[in-house]
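Asker: Attaching a single structure in structure tokens format; questions to follow.
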Amino acid sequence: MFIQKVNIWDLGTKINIKVTKKFLCLINNEIKKQFRTKRAVHKEIIKYYQISFLTFKSRIKPSYKFFIDLEVFLNLCKILKISLDYFQNNIIAYKSRGGVNYIDNPNLPIKISPIFDMLIAHHIGDGTVVNPKRNRKPYFGYRQFDRKYMQLYTKKMESVFGRIQNKNPYKDKTRTYSPTSVSNLFFETYGLSTRNFLSKSARIPNNILKKNSKHLLAFLLGIIIDDGHVDSTEIVIGLHNRNLTKDLQKVCDLLGYKTTYTEKTKEDGSEYGFLHILKNGLLKLWKDYSQLLVQYPEIDLGYKAEQIQQGLEISKRKIKRTPGNDKVILDLFATKSCTVNEIAKEIKMTRQGVRYHITKLLEQGKIKHVGTVGENNFVYATI
């Protein structure tokens, strides 16, 4: 049985909340109706939760606008026979006790949706687990250099939890951090530990592997955004963690995507696993992605979606290699130096097709390698 939703009281006792003025007025009215005085209800509260009368009295004033321990209200709801669902609908913010970052205008109960599982993938892909001092619980960081992908990550977080308010916004726009209150949920929902999110030891949680196609696809898309490379009519995911790469192939098998898996050991001894989602698999992935995108716009693949679409459209051409293509590429080099990706985009040819012609032109001595952009993205120019 999978967890489908998480209520505020499922987050543990070390949670602070803010509630609506309307709810505080209700509390005061019910106290007056059922107990007549605040002191009388305080005698009941302290049977379950230790709080001084003066503190209790100030916390339930309709004008009180600060965070209050969740336990205070859970016990009040029990004593005053107030619906927990009604109480939860009147929570306007929450955070971990002692935390500074909080969730504003929260989505409660929290739904364990495909977007939630996509966030798990992001925290495995380009995420990091921060272990704070003073025995505080760990929380997640996420780093993304692509501005749109960072914006989409934020939208995913907000669609699941609500607006995240950082008391001290980070100057580095490529980094963001999750409040401890929600980070803890990523661990507890699937019984995970820090080790499950480390690059060398991470694995796909078994319960995610047992979920339906929407959850599986969302998880796969998260990894594609962080670690995938679109190569014409293929997606290649290369990871140092071979077991995780094999887990991803299992996801593809469950979704019906044709793949191949290869392994490579580099000169420095580091081992890599490579998952290739092949053209037939990519065609089905694109169809499934397009359908899921309608329901969950936050799964947007950004520029990688454009690359996939371009590669699939170009691959429909009947003639891919003609003698004239060599001249087209040489004419392009006459104006500027280019990478394979730039040439493919400019002349609307697959990257595999461009590489075929580049290899020929190198052998004929008509072009040369003049530099590298990023990792293994060679720049060529005429001689």
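Asker: Pull up the cross-link candidates among the aspartates and glutamates for residue 155, meaning alpha carbon to alpha carbon under 15 Å and not fewer than 8 places away within one chain.
Answerer: 104, 117, 146, 298, 300
Asker: Now a separate question. Within the set 33/61; 250/284; 210/284, which residue pairs have Cα atoms separated by over 23 Å? Don't skip to the end; give the middle numbers.
Answerer: Numbers: 33/61 16 Å; 250/284 16 Å; 210/284 20 Å.
Correct reply: none exceed it.
Asker: Something else about it: Kindly put 340, 100 in sequence by how many other C-beta atoms sit within 10 Å of each C-beta, fewest to most.
Answerer: Starting with the residue having the fewest Cβ neighbours, the order is 100, 340.
Asker: Please list 3J(HN,Hα) in residue order for the range 358-366, calculated via the Karplus relation 6.51 cos²θ - 1.76 cosθ + 1.60 where θ = phi - 60°; whole Hz, with x for glycine and proline.
Answerer: 4, 4, 4, 5, 5, 5, 7, x, 8
Asker: Here's another thing I want to ask about it. Tell me which residues come under 5 Å, amide H to amide H, from residue 380 once H is placed; ignore anything under 5 positions away on its chain.
Answerer: Residues meeting the amide H criterion: 338, 339, 370.
Asker: For a footprinting-style exposure proxy, rank 116, 333 by other Cβ within 10 Å, fewest first. Walk me through the intermediate numbers first.
Answerer: Values: 116 24, 333 18.
Ranking 116, 333 by Cβ neighbours within 10 Å, fewest first, gives 333, 116.
Asker: How high is the relative contact order of the range 69-147? Use alpha-carbon pairs under 8 Å, at least six apart in sequence, and give a whole percent.
Answerer: The normalised contact order for the range 69-147 reaches 15 percent.
Asker: Quick one: what are the phi-derived ³J(HN,Hα) couplings along the range 58-66, Karplus 6.51/-1.76/1.60 with θ = phi - 60°, whole Hz, x for glycine and proline?
Answerer: Calculated HN-Hα couplings, in order: 6, 5, 9, 5, x, 8, 6, 10, 9 Hz.
Asker: State to the nearest 20 debye the size of the charge dipole of the chain about its Cα centre, where the only charges are +1 on K and R beta carbons and -1 on D and E beta carbons.
Answerer: Working: 65 positive and 34 negative charges, 363 e Å.
Charge dipole of the chain: 1740 debye, to the nearest 20.
Asker: Within 10 Å of each candidate Cβ there may be at most 11 other Cβ atoms; applying that plus a DSSP loop requirement, which GluC sites (Glu not before Pro) in the range 258-299 survive?
Answerer: 267
Asker: In the range 195-227, whose amide N lies under 13 Å from the spot 7 Å out along Cα-to-Cβ of residue 246? List them in ranges.
Answerer: What the label zone holds, given the 13 Å backbone N cut-off, is 203-204.
Asker: Something else about it: With a ≥ b ≥ c taken as the square roots of the eigenvalues of the C-alpha gyration tensor of the range 324-382, please select rounded if a/c is under 1.5 and otherwise prolate if a/b is larger than b/c or oblate if it is not?
Answerer: rounded
Asker: Right, another one. Restricting to DSSP loop positions (anything but H, G, I, E, B) with no more than 11 other Cβ atoms inside 10 Å of their own Cβ, which trypsin sites (Lys or Arg not before Pro) remain in the range 221-287?
Answerer: Qualifying residues, ordered by number: 266.
Asker: Same structure, new question: In whole Hz and in residue order, list the ³J(HN,Hα) couplings for the range 228-243 that follow from phi through the Karplus curve 6.51 cos²θ - 1.76 cosθ + 1.60, θ = phi - 60°; x for Gly and Pro.
Answerer: x, 10, 8, 10, 6, 9, 9, 10, 10, 10, x, 10, 5, 8, 5, 5
Asker: Averaging the inverse of every distinct alpha carbon separation and then flipping it gives the Kirkwood radius. What is it for the range 203-316, in angstrom units?
Answerer: 14.4
Asker: Which residue fluctuates most in the GNM of the chain (Cα springs below 10 Å): 361, 192, 312?
Answerer: 361
Asker: A further question on this structure: To the nearest 500 deg cm²/dmol, what mean residue ellipticity at 222 nm is calculated for the chain from DSSP H runs of n ≥ 4 alone, each contributing -39,500 (n - 2.57), summed and divided by the residues?
Answerer: -13500 deg cm²/dmol
Asker: Using the Cα centre as the reference, give the magnitude of the dipole from point charges on the C-beta atoms of the range 101-200 (Lys, Arg: +1; Asp, Glu: -1; all else neutral), rounded to the nearest 20 debye.
Answerer: 380
Asker: Considering the convex hull of the alpha carbon atoms of the range 5-100, report its projected area averaged over all viewing directions, in nm², one decimal.
Answerer: In nm², the orientation-averaged hull projection of the range 5-100 is 5.9.
Asker: In nm, to one decimal, how far is the residue 3 label point from the residue 283 one, both placed 7 Å along Cα→Cβ?
Answerer: The two pseudo-label positions are separated by 4.1 nm.
Asker: A 25 angstrom limit on the alpha carbon distance is what I want to check against. Which of 111/200; 214/258; 32/78; 95/246 exceed it?
Answerer: Pairs exceeding the cut-off: 111/200; 95/246.
Asker: With equal scatterers on the alpha carbons only and no solvent term, can you work out the Debye log10 of I(q)/I(0) for the chain at 0.07, 0.09, 0.11 1/Å?
Answerer: -0.44, -0.66, -0.86
Here, each number is a calculation from the coordinates, and none is a lab measurement. Nothing here was measured: the structure is a model prediction, and the numbers come from that model. As a convention, Cβ positions derive from the backbone with ideal geometry for all residues, glycine included, and neighbour counts pool all protein chains shown.
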